[in-house]
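The values are calculated or read from the model by the stated rules, or taken from the named source; none is laboratory data. Just so we're clear, the structure is a prediction, and the values are computed from it rather than from any experiment. As a convention, Cβ positions derive from the backbone with ideal geometry for all residues, glycine included, and neighbour counts pool all protein chains shown.
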């Protein structure tokens, strides 16, 4: 039995039937600077206000976007859970209004190098996260880097953020095209919802979706859903400068109201997502499977 097969067996042994799984939403984009992290933070806060316990996983390791946006520096990250004996509660940092966030650090990159004991420990810890929270929002990097594709391929619910910039539209298609050729991606088991960000009108948002959706369906056989749009708003940049969520400091502005609408729509259509098995544990199981296949 090779090492990859041994690791698969370990994961199976650590996956007993469970009664509660978190809803995992992965937020990504084909291009950087399109407002992906701002959307992730604000929607997390709205979920929290709706009575859901929420944690954001900053999976864009090395850039620390979430902690910069919130102005909070975490003491520990995912790598400390894996290698330095820290408990799950130690690596969850509390943010505005009780939302939590976890810094990925270098932990995501090191998944493939985990020992048997570390895999068992990580899976047990992540099982606890499924018990503690209702929603986990994964904020990935941008583009077609391996870690971005791995998270998107491992997820069952993906939000793809696109702006009116031609490069954002073409890069979103490039992400979908590369994802479609990723070994572990299964279009039939992944719901991809497009968000048109920084648009001037509802019409412009719909036009962006139509462009991306048409080519994705025609050339990739990927059917996208349209979650909605966020209006262009100078207050978004102001909120970032204040290191506060937009819906907290400028709640009645056009972009804030747009984000509230999107979060509420996600909350209302949760039952339409046909999860095989929800939860962050499954996401990381898929990630580890993808990595060990390359060995």
* Asked: Within the stretch 39-90, which residues are over 17 Å from the mean Cα position of the chain (by Cα) and on the phi > 0 side of the Ramachandran plot?
  -> 51, 71, 85
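Using the structure shown, decide if residue 208 is modelled with pLDDT of 90 or more, in contact with a strand residue (DSSP E or B) (Cβ under 6 Å, 6 or more places away or on another chain), crowded, with 22+ Cβ neighbours inside 10 Å and within 24 Å of residue 66 (Cα to Cα). Give the steps one after another, and end with the answer.
Values: modelled with pLDDT of 90 or more: yes; in contact with a strand residue (DSSP E or B) (Cβ under 6 Å, 6 or more places away or on another chain): yes; crowded, with 22+ Cβ neighbours inside 10 Å: yes; within 24 Å of residue 66 (Cα to Cα): no.
Answer is no for this residue.
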* **Pair list, Cβ under 8 Å, 6 or more apart: the stretch 232-261 residue at positive phi, other residue in a helix (DSSP H, G or I) and surrounded by 18 or more Cβ atoms within 10 Å (Cβ to Cβ)** => 243/69; 243/70
* All but one of (1) in contact with a strand residue (DSSP E or B) (Cβ under 8 Å, 6 or more places away or on another chain); (2) within 27 Å of residue 51 (Cβ to Cβ) hold for residue 126, so report the exception by its number. => (1)
* Asked: For the stretch 151-178, how many residues meet the condition of being at pLDDT below 95, buried (at least 22 other Cβ atoms within 10 Å of the Cβ) and in a helix (DSSP H, G or I)?
  -> 3
* Could you check residue 233 against (1) at pLDDT 90 or above; (2) under 26 Å from residue 147 (Cβ atoms) and say which number it fails? => (2)
* Which of the helices (runs of 4 or more DSSP H) contained wholly in the stretch 11-128 include at least 1 residues that are at pLDDT 90 or above? -> 36-49, 65-70, 88-91
* Asked: Restricting attention to the stretch 194-231, which residues are without any contact (Cβ under 8 Å) to a residue 40 or more places away in the chain and assigned to a strand (DSSP E or B)?
  -> 194, 196, 199, 225, 226, 228, 229, 231
